[in-house]
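Take a look at the structure below.
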Amino acid sequence: MYKFAQGAALVILSLALTACSSSPEEDEFTRNASPDQLYTQARTSMELGNYSKAVRSLEALDSRYPFGPHKTQVQLDLIYAYYKMDDAASGVANIDRFLRLNPTHPNIDYVHYMRGLTNMQADNYLFHDLMDIDRTDRDPKNAQDAFKDFDRLIKSYPNSKYAADAQHRMQFLKNRLAQYSIQVAEYYIKMNAWSAAAVRAQTVMEKFPGTPATERALEIMSEAYGELGQEKLQQHIKMVMKTNFPNNETLTN
């Protein structure tokens, strides 16, 4: 009940924030303000957590003064503000533009990191988390993109101060993607598509070794090979299971 109330409160807060549009005074200020005044307002709004207002100021700066004194910092601030607003589409679009226009920027590792965070955020479903609903069967594209983003960061900028956190997040994403493959394999089992189930489970072993889904992947492969009459393959899988998961219940069957 508490989680439901918390979720309802978040909905109301979200709607209230969305409903807040710029005032006539703010519009007039935005039209007449200098680049420094607009940027000061944007920074103040961000420090106060009013990211929607910050975005309005930053977007005005970006469109009216694309070659102004704050041009790259404005773009970086927009990336962060969109992330805080949970606007993944605008965030990724601005990130890709920044990477295209500023490939040698000293903070380029941060931009790659923010791309991973933004895609990872897009993969999350707030209300599923609040209600403890397991939806690992949802489309994994954003999770896959986030994994690639963090992997690119680590390989291209191994000494980046964001590399350690990226590595940690990649492990979480590996677990999520491995569990998705298990969900797909179990669907194939329900459809009696044993060959497809075995292939999907093998994907977990090859792409996501060491994840919690590994044990279930071996179980599915053993069951699928048994149904397909592939006794040698089934025995091989059982040997692997005995070595790595000696207490697995299926080994006694």
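The values are calculated or read from the model by the stated rules, or taken from the named source; none is laboratory data. The shown structure was predicted, so the numbers you read here are calculated from the model rather than taken from an experiment. Positions of Cβ are backbone-derived with ideal geometry, glycine not excepted, and every protein chain shown enters the neighbour counts. Quick note on the areas: whole protein, heavy atoms, side chains included, nothing else; ligands and nucleic acids left out. Shrake-Rupley method; radii C 1.70, N 1.55, O 1.52, S 1.80 Å.
Of note:
- Single match in Gln202, Gln183 (criterion: closer than 30 Å to Leu153 by Cα and more than 22 Å from the chain's Cα centre (by Cα)): Gln202
- Meets criteria (free of Cβ contacts under 8 Å to residues at least 60 places away in the same chain and more than 30 Å from Val111 (Cα to Cα)) for Ala166: no
- Positions within segment 142-161 being outside any helix (DSSP H, G or I) and either among the small types (Gly, Ala, Ser) or buried (at least 17 other Cβ atoms within 10 Å of the Cβ) (or both), in sequence order: Tyr157, Ser160
- All positions within segment 176-196 that are open to solvent by 40 Å² or more (accessible area, probe 1.4 Å) and part of a helix (DSSP H, G or I): Gln179, Tyr180, Gln183, Glu186, Tyr187, Tyr188, Lys190, Ser195
- Residues within segment 197-213 that are assigned to a loop (DSSP other than H, G, I, E, B) and closer than 21 Å to Asn247 by Cα, tallied: 5
- Failed item in (1) closer than 22 Å to Asp139 by Cα; (2) open to solvent by 70 Å² or more (accessible area, probe 1.4 Å); (3) of a type in the set (Gly, Ala, Ser), with Ala164 passing the rest: (1)
- Odd one out for Arg216, checked against (1) part of a helix (DSSP H, G or I); (2) of a type in the set (Lys, Arg); (3) open to solvent by less than 80 Å² (accessible area, probe 1.4 Å); (4) farther than 30 Å from Lys242 by Cα: (4)
- When segment 73-87 is limited to residues that are buried (at least 19 other Cβ atoms within 10 Å of the Cβ) and of a type outside the set (Ser, Thr, Tyr), the one that is nearest to Asn119 (Cα to Cα) turns out to be Asp87.
- Meeting the requirement of 2 or more residues that are open to solvent by 50 Å² or more (accessible area, probe 1.4 Å), of a type outside the set (Phe, Trp, Tyr) and modelled with pLDDT under 60, the helices (runs of 4 or more DSSP H) wholly within segment 1-67 are 2-19.
- The residues on offer are Thr211, Thr203, and the sole one that is in contact with a Lys or Arg (Cβ under 8 Å, 6 or more places away or on another chain), surrounded by 15 or more Cβ atoms within 10 Å (Cβ to Cβ) and β-branched (Val, Ile, Thr) is Thr211.
- Tabulated pairs, segment 208-220, first among the hydroxyl-bearing types (Ser, Thr, Tyr), second open to solvent by less than 10 Å² (accessible area, probe 1.4 Å), C-beta under 8 angstrom, 6+ apart or interchain: Thr211/Ala178; Thr211/Val204; Thr214/Ala178; Thr214/Val204
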